[in-house]
Amino acid sequence: MHKTTIIAALAGVALIFTGCGVPASETGDAGEGSNVPAAAESSAADGQATEPAGDQSSADQDAVARFGSAYTYTDGLSVTVSAPKAFTPSEYAADEGKYDNYVKFEVRIVNKTGKAMDPSMFTATVQSDNEEGDEVYDSEGGLEGAPSTKLLNGRESKFTVGYGIANPEDIVMEVNPDFDHEPVMFQN
């Protein structure tokens, strides 16, 4: 009896470490959370949606999306990363000053999973040319990282992230929304 309990416990631990992420696919629009500001609602209603919904199946495609498109997981979580926009870090920015090019992205997460999601676990990294970019934190410039408040089902959150990069024409961003979802790559 004791041996069965140990085997069951080990099987449970093995399952945890297998990376059971939620599959996903690229979609044209993440939809809207119930807390979207009125100005954003009218923009979406005016037909300013992003890329058209692709015919992608998560089983057949790598997790890759274009900047400006929503990437929707099968459980209902959607992540959109805007096209990169150039910016100049403020004098108080946490950055080493080793880059000539800086870009920022607006990230939008819409939670339609049926449960709360913790966006504080969000991470993103960038590669430009063959170099890893560095994230820039700049509270004066609105670059403070992911929010800390859990995102209830049906709600959305927006925040901005910035990076020092080698080439603004060649950027790939790897996004990990949290520990429950597989990463997705956004690119030009």
Subject >> Sequence-distant residues sharing a close amide H with TYR71 (under 5 Å, placed H) >> reply: THR27, VAL79, THR80
Subject >> Charge-dipole axis of segment 94-188 as Lys and Arg at +1 and Asp and Glu at -1 on Cβ define it, positive-most pick from TYR163, ASN101, MET185 >> reply: MET185
Original post:
In the structure shown, do any of LYS112/LYS158; LYS98/LYS150; LYS98/LYS158; LYS112/LYS150; LYS85/LYS115 have a Cα-Cα gap over 24 Å, and if so which?
Top reply: LYS98/LYS150; LYS98/LYS158; LYS85/LYS115
**OP:** Quote to one decimal, in nm, the extra length available between ALA116 and GLU182 on full extension: 0.36 nm per residue of separation minus the C-alpha distance between them.
**Re:** 22.0 nm
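Which chymotrypsin sites (Phe, Trp or Tyr not before Pro) does segment 86-154 hold that lie in a coil by DSSP with at most 11 other beta carbons within 10 Å?
Loop-located and lightly packed - TYR92.
Can you sort ARG155, ARG66 by how many other beta carbons sit within 10 Å, fewest first?
On the way: ARG155 19, ARG66 15.
Lowest to highest Cβ neighbour count: ARG66, ARG155.
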**OP:** Taking the Cβ of each residue in ASP100, ASP118 as the centre, tally the other Cβ atoms inside 10 Å and list the residues starting with the fewest.
**Re:** ASP100, ASP118
Subject >> J(HN,Hα) series, segment 131-142, from Karplus relation 6.51 cos²θ - 1.76 cosθ + 1.60, nearest Hz, glycine and proline x >> reply: 10, 6, x, 10, 5, 10, 9, 8, 4, 5, x, x
Subject >> Charge context of ASP95, other residues only, Cβ under 11 angstrom, K/R +1, D/E -1 >> reply: -4
Subject >> Backbone HN-Hα couplings from phi across segment 80-91 [Karplus 6.51/-1.76/1.60, Hz, Gly and Pro as x] >> reply: 10, 10, 5, 5, x, 10, 5, 8, 10, x, 6, 5
**OP:** First check a/c for segment 80-158, with a ≥ b ≥ c the square roots of the eigenvalues of its C-alpha gyration tensor; if it is under 1.5, answer rounded, and if not, answer prolate when a/b is larger than b/c or oblate otherwise.
**Re:** prolate
Subject >> segment 93-171: GluC sites (Glu not before Pro) falling in loop per DSSP and having at most 11 other Cβ within 10 Å >> reply: GLU96, GLU169
**OP:** Quickly rank 71-84, 172-185 as a protection proxy: mean count of other C-beta atoms within 10 Å, highest first.
**Re:** 71-84, 172-185
Original post:
With θ set to phi - 60° and the Karplus curve 6.51 cos²θ - 1.76 cosθ + 1.60, what are the ³J(HN,Hα) couplings of segment 109-116 in order, to the nearest whole Hz, using x for Gly and Pro?
Top reply: 10, 10, 9, 10, 8, x, 8, 5
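Any read-out appearing in this document is the output of simple, stated calculations on the displayed coordinates, not a laboratory observation. This one's a predicted model, so the numbers in the text were calculated from it and none came from an experiment. FYI the Cβ positions are ideal-geometry reconstructions off the backbone, even for glycines, and counts take in every protein chain you see.
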